[in-house]
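Dropping the structure in here first, questions after.
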Amino acid sequence: MKNILLLITFLFSMICNSQPKENYIVKGKAEMANQNFDEAIKVFTIGIDNNQRKAEGYFGRGLCYNLIKDYQKAVSDFENSERLGNNDVKLFTLRAYAYSELGKNELALNDLNKAILIDPDFYPKNYFNKASLEIRLGRNDDAINDFTIYADKTNDFIAYSERGKILLYQNKKDDACKDFEKSIELGNQDKAVLELQKSNCH
């Protein structure tokens, strides 16, 4: 009788161990989709602690930290995800955002360059964000180039008005006016842009 009980216990333990582990990545994504970011962070943490698709777990948790504006933790998780082999364009795009919010403009710019190198068409606004960082860093010619790429890809009126502001700063008034006029033609009704066009262009 004792041997039968031992056998039943052994078989039961084998069955239990053969059951698939709870998929914390899927569960974490579901919580994130429902905007339960704190709960998603807890679930991704359990997955990471259980060595379950850790690169993906760190990435998911990093995204949650970005969404709740805890950018330092987001950067840390994205770095861990990268160390584990995640070189996806989304990682560099999202980490660039976290870096920019932390005022680490060079690191943000470096990540956007990586993202664009991996997939130039993944997220056109990477060019706009890159140009905005270049303005902060005093690299206006680089910013003009990136606003131009963004404008060509999207025809977004903001690209023209932002490029126009730099051109005006550089005393290239004719080119600036063309950009302001194009921006307004595309629907830009921002008062500051309208005033710049009115006061500088004929």
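The values are calculated or read from the model by the stated rules, or taken from the named source; none is laboratory data. Everything numeric here is computed off the predicted structure, so don't read it as measured data. A quick note on method: Cβ atoms are made from the backbone with ideal geometry, for glycine too, and the neighbour counts reach across all protein chains shown. Keep in mind that these areas ignore ligands, DNA and RNA; they rest on the heavy atoms of the full protein, side chains included. Shrake-Rupley method; radii C 1.70, N 1.55, O 1.52, S 1.80 Å.
Under a cut-off of 19 Å between alpha-carbon atoms, report the lysines in cross-link reach of Lys69, not counting same-chain residues fewer than 8 places apart.
Leaving aside lysines fewer than 8 places away in the same chain, those within reach of Lys69 are Lys29, Lys42, Lys90, Lys104.
Can I ask one more? Given a Förster distance of 25 angstrom, what is the FRET efficiency for Lys73 paired with Arg139, based on the Cβ-Cβ distance and rounded to 0.05?
The calculated FRET efficiency here is 0.30.
If you don't mind, there's one more thing I want to ask. Roughly how much of Leu133 is accessible, in Å² to the nearest 10, using a 1.4 Å probe?
In the full protein context, Leu133 sits at about 10 Å².
A further question on this structure: Per 5 Å bin, what is the whole-percent P(r) computed from every C-alpha pair distance within segment 30-137?
Using 5 Å bins, I get a P(r) of 2, 14, 23, 22, 19, 12, 6, 2, 0 for segment 30-137.
What FRET efficiency comes out for the pair Val26/Lys191, r = Cβ-Cβ distance, R0 = 45 Å, nearest 0.05?
According to the calculation, E is roughly 0.40.
Given the -39500 (n - 2.57) contribution per DSSP H run of 4+ residues, what per-residue ellipticity at 222 nm results for the chain, rounded to the nearest 500 deg cm²/dmol?
-24500 deg cm²/dmol
Follow-up. Helix 140-154 against the longest principal axis of the chain: what's the angle in degrees, Cα atoms only, rounded to the nearest 10?
Once rounded, one gets 70 degrees.
Here is a further query. Rounded to the nearest 10 Å², what accessible area does Asp174 show when all protein chains are kept and the probe is 1.4 Å?
Counting only protein heavy atoms, the figure is 120 Å².
What distance in nm separates the simple spin-label points at Thr154 and Leu102, each placed 7 Å from Cα in the Cβ direction?
The answer from the label model is 2.5 nm.
I've got another one for you. In vacuum, with every alpha carbon of segment 54-202 counted as one equal point scatterer, what does the Debye formula give for log10 I(q)/I(0) at q = 0.11, 0.12, 0.19, 0.20 Å⁻¹? Two decimals, please.
These q points yield log10 I(q)/I(0) values of -0.48, -0.56, -1.03, -1.09.
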